[in-house]
Each structure stands twice: as structure tokens, then as C-alpha cells.
Amino acid sequence: MRTIESLGSLSEHTVIVRCDLNVPLADGVIADDGRIRASLTTIRELREAGAKIVLISHLGRPKGTPEERYSLRPVAARMAELLGAPVQFVAETVGEAATAAVAALTPGDIVLLENLRFNVGETSKDDAERGAFAAQLAAFGDLFVSDGFGVVHRRQASVYDLAQLLPSAAGRLVAAELEVLQRLTETPERPYTVVLGGSKVSDKLGVISHLIERVDTILVGGGMLFTFLAAQGHAVGASLLEADQLDTVRGYLATAAERGVTIVLPTDVVVAEAFAADAAHEVVAADAIESSSFGASGLGLDIGPDSAAVFAEVIAGSRTVFWNGPMGVFEMDAFAGGTRTVAQALADTNGFTVVGGGDSAAAVRALGFADDRFGHISTGGGASLEFLEGKALPGLEVLA
Ligand code: ADP
Ligand code: MG
């Protein structure tokens, strides 16, 4: 993969940097600035080399038009604080104001353009539409650095098409993330345990078939555990369920058994009356979710304490642990217990631990764990999962 060195002298050049500044926002306040911090290494280096810097990023999932709640404005302010240098924000991604701001840059200056996904071209499936937007972006600079690790698995204008329009290279964050992932795929020390949770159930189920070939144990929590329980014939109340994946999941369980890979499912879960921080809740056996006081309308929002203890024990005995996806709705204290116990187990183990995923990283920080308690906190959940699956990542292939 081409690194920044391959671009030659950066002095006086205008460098477009694709970052992943997709931070969690609550009422306009940045809940976790980890992704901003992770992008600073490259930005500092480019500044010191005398480049004029044009930062581009997405935030959230707006549908191709501007929406104030997805504005990158608060990110520019936070980045300026962290860098100790001005970061000029432009309230559009492309257009006259953006063009003027870029033209006015002097070496070391930084401008952050508005959310890429306010433009339909960014995520379009139509090559021409994407290409046209990428060409508008390319006009802002003469070099391109791809440093948004969280999006390198996406064939999107600012990730894939833009890299082909300008001399391009991977930034320091992308390079560092790859080094860790290579360690996980090439020579993982065993036992190797993967912990899966979160809410993007169908996205993550696919990973399991590949992980079965590579790991010793898979611990299943978060939203996807209910699809597993249902596949075993248990009622799951109103919990998250991918009904069309039941056969697939049964297949995984059978393959895992054949290969001697252990898939550990929770034996108890926290069931709530509603999806709310103050909802009534109870711990029940995982095979009897509808036996709670809430019957068939009960929602499973966390793994139970017994299960969390079992997960922690498996993690303690592992030499390599990769974790993606919170064990429950950690944003609400009543449903954060499983995530907290798993995070503690990772923090305590002597093995090599990697936490991947925007919400997973936010969870460990929100629960008070310092970054250095883990071997590595990845900025990309989907990207790291696809890499571990052995898939080709479009945003990396274009940098080869
Ligand atoms: P990551 O960003 O780390 O890849 P995801 O985006 O897949 O993780 O999932 C994170 C979200 O999953 C969190 O907001 C959390 O509240 C939610 N979640 C975890 N367990 C459950 C559950 N049982 N039901 C509903 N949502 C859940
Ligand atoms: Mg997420």
C-alpha cells in the first residue's frame, strides 16, 4: 500500500484528506472524540510538511441532503481545540464558498468541508454519479490521502473514486489499523476469542461463517443473540430478531460444532418492559424470555450477569481477543452491565486485545476505561470485520 512518502514533497501542495470524523453526537455535543483524536497524527504531519489541508468526512447517515443535526461544525471546533490550531469550517461540501475557502489556504492551514453525505453522489450506486461528485472533490487539491479507516470497506466517491483521480496514499491511521489487523489474521496467538454484539445484526452475522475457520471461541451478545436463541427454538419476545436469518444461523451452529469452534450464547438476559432508560426490567433465563412479567412484549436489552461472568472467564483465558459490538444497550445504565463486564475482562487480560467499532469504542470510554487498557481500539467496526473476513476492501485496493 502506498504511504504518504510516495507523494513526494508536500510543501505548498493542497492535500485532500478523507478522514472518518463520524463521532457520536448527543444534542450537538460530541459524546466521544476518539475518531477526531485518531485523525490528528496525519493532519499534524501534513501541517509540519507545509501542506494546505482540505479535510473531508461524513457524519451519520443523512440521505443526500443537508440536515443540521448531521453537520460537522462541532467537529471542526473540537479538532481545533485538540490541535491547538485553527480549523476553518465551510458550511457546504462543494460550491462557491468551499472553492473560495480552499483557494485562500496558505501552507499549514486547515479547512473542514461540510458532511460528504449531504450530497447524493457520495454513496450513489451509479458509477457516473459517484464519479462526478469525486471529480468535484478532486478539483480542491492536487494530492489525496485516504485516512478514514472506518469507511475503507465502502465503494464511495470520497473513498474509492477520488483516490483514482489524484496521486493518492494511505494516511497514518489507515496504516496503523492495518498493521493490527494483519496481526489478527496472520499470526494470532491462541486461544483466539471473538466477541460479537451490537445492533447491526445482518451486517455481522455474515462474519461468523468466516470466523468459524479462524478462531477458537465466539461469544455472542448484543442484538444478534436473539436470532441465535430463536434459531434454537426459543421465543424472544419483542427483542431484535432477523427472522430471515434463522436457517443461516442454524448452519453456523452446525458448522461450528463440526469444526470444534465453541459458540457461547448467553444463558440469561436482561429483559425490559420498554426501550427506555427507566423501563422496568428483570433478569430471566435466555430460553424463557417470555416468562418475564412483560410476556411477549419484553425486550432483551443486555446479557445477564451469569452470562457476562462466563464471557469474562473465556476472555481471561484467551491470548487474542477481538471485540466488536456492545453486549447491550450500554447507553442506558440499566443495560450496560454486560458491556462493562466484558470491557473489564479485556482490560484485565494479558492477551492481545482489539476493540473495533464506533459504538464499541465509545462504550469502553463512556464506561471509564482508558484507551491504554486495550491493545488497540480500532476506529472502524465494519471495515475491520470485513478485513477479518478476508474480503477485499475497495478503499484499500485503490491505494495498492
Ligand atoms: P459498533 O458501532 O461497535 O460496530 P453497532 O453499531 O453494531 O456497534 O451497535 C451498537 C448499538 O447496539 C448500541 O447503540 C447499542 O445500544 C445497541 N445494542 C446492543 N445490544 C442491543 C440489544 N439487545 N437490543 C437493541 N440494541 C442493542
Ligand atoms: Mg455503530
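Where both bridge residues fall in the chain, DSSP classifies roughly 20% of the beta bridges as antiparallel. The distance from the alpha carbon centre of region 58-127 to that of region 244-270 is 43 Å, rounded to a whole number. Apply the a/c threshold of 1.5 to the C-alpha gyration tensor of region 5-145 and tell me whether it is rounded, prolate or oblate. Taking the square roots of the gyration eigenvalues as a ≥ b ≥ c, region 5-145 is oblate.
Sorted from longest to shortest, the spans of the Cα atoms of the chain along the three principal axes equal 65, 43, 40 Å.
The peptide list 333-342, 90-99, put in order of mean Cβ contacts within 10 Å with the highest first, becomes 333-342, 90-99. Calculated mean residue ellipticity at 222 nm for the chain: -10000 deg cm²/dmol, from DSSP H runs with n ≥ 4 weighted as -39500 (n - 2.57), summed, divided by the residue count and rounded to 500.
Toward the positive end of the charge dipole of region 240-338, with +1 on the Cβ of Lys and Arg and -1 on the Cβ of Asp and Glu, the farthest Cα among VAL329, ALA288, LEU246 is that of LEU246. What you get for region 117-269, charging only the Cβ of Lys and Arg (+1) and of Asp and Glu (-1), is a dipole of about 140 debye around the Cα centre. Size descriptors for region 284-400 (Cα atoms only): Rg and Dmax, in that order, 16.3, 57 Å. Kindly provide log₁₀ I(q)/I(0) values, in the same order as q = 0.16, 0.20, 0.22 Å⁻¹, from the Debye equation applied to equal alpha-carbon scatterers of region 129-222. Results for region 129-222 at q = 0.16, 0.20, 0.22 Å⁻¹ read -0.83, -1.00, -1.08. Using a cutoff of 8 angstrom between alpha carbon atoms and counting only pairs six or more residues apart, the relative contact order for region 137-214 works out to 27 percent. Among the protein heavy atoms of region 149-188, carbon and sulfur supply 43% of the accessible surface, probe 1.4 Å, non-protein parts ignored.
Projecting the Cα positions of ALA132, GLY221, LEU299 onto the charge dipole of the chain (unit charges on Cβ atoms of Lys, Arg, Asp and Glu, taken about the Cα centre) puts ALA132 furthest along the positive direction. Report the percentage of all Cα-Cα pairs in region 132-180 whose separation exceeds 12 Å, rounded to a whole percent. Tail fraction, whole percent: 60. Between helix 172-186 and the chain there is an angle of about 40 degrees, using the helix long axis and the longest principal axis of the Cα atoms. Look at the dipole of the chain built from charges on Cβ: of VAL271, PRO107, LEU393, the Cα furthest out on the positive end belongs to PRO107. Using every pair of separate Cα atoms, the Kirkwood estimate puts the hydrodynamic radius of region 230-336 at 14.9 angstrom. Expressed in Å, the radius of gyration and Dmax of the Cα atoms of region 353-392 are 10.8, 35. With an 8 Å cut-off on Cα pairs and a minimum separation of 6 or more residues, tell me the relative contact order of the chain in percent. Once normalised by length, the contact order is 16 percent.
Annotation: lysines with alpha-carbon distance below 28 angstrom to LYS204 (same-chain offsets under eight excluded): LYS63, LYS125, LYS391. Among the trypsin sites (Lys or Arg not before Pro) found in region 120-154, those both in a DSSP coil and sparsely packed, with 16 or fewer other Cβ atoms within 10 Å of their Cβ, are LYS125.
Counting only DSSP beta bridges whose two residues both lie in region 270-400, roughly 45 percent are antiparallel. The charge dipole of region 234-389, taken about its Cα centre with unit charges on the Cβ of Lys, Arg, Asp and Glu (plus for the first two, minus for the last two), comes to roughly 480 debye. Stokes-Einstein, applied to the Kirkwood radius of region 175-251 over Cα pairs at a viscosity of 1.306 mPa s and 10 °C, places its translational diffusion at 116 µm² s⁻¹.
Equivalent ellipsoid of region 1-77: semi-axes from √(5λ) of the C-alpha gyration tensor, largest first, are 27, 13, 11 Å.
Hand me the GluC sites (Glu not before Pro) from region 133-240 located in a DSSP loop with no more than 16 other Cβ atoms within 10 Å, in residue order please. Passing both the DSSP loop test and the Cβ count: GLU189, GLU213. Above 23 Å lies some portion of the pair distances; for region 158-313, what is it as a whole percent of all C-alpha pairs? For region 158-313, the fraction of Cα-Cα distances above 23 Å is 48 percent. For region 25-93, the solvent-accessible area of protein heavy atoms averages 48 Å² per residue (probe radius 1.4 Å; ligands and nucleic acids excluded). Sequence-distant contacts, meaning Cα pairs under 8 Å at least 6 residues apart, place the relative contact order of region 270-400 at 18 percent.
Charged side chains reduced to their Cβ positions (Lys and Arg at +1, Asp and Glu at -1) give the chain a dipole of some 680 debye around its Cα centre. Each peptide in 49-60, 247-258 receives the mean, over its residues, of other Cβ atoms within 10 Å, and ordering these scores from highest gives 49-60, 247-258.
Among the GluC sites (Glu not before Pro) found in region 264-336, not one is both in a DSSP coil and sparsely packed, with 12 or fewer other Cβ atoms within 10 Å of its Cβ.
The values are calculated or read from the model by the stated rules, or taken from the named source; none is laboratory data. All values derive from a computational prediction rather than experimental measurement. Positions of Cβ are generated from backbone atoms using ideal geometry, with glycine treated the same way; all protein chains shown enter the neighbour counts. To get the accessible areas, we keep the full protein, side chains included, count just its heavy atoms, and leave off ligands, DNA and RNA. Shrake-Rupley method; radii C 1.70, N 1.55, O 1.52, S 1.80 Å.
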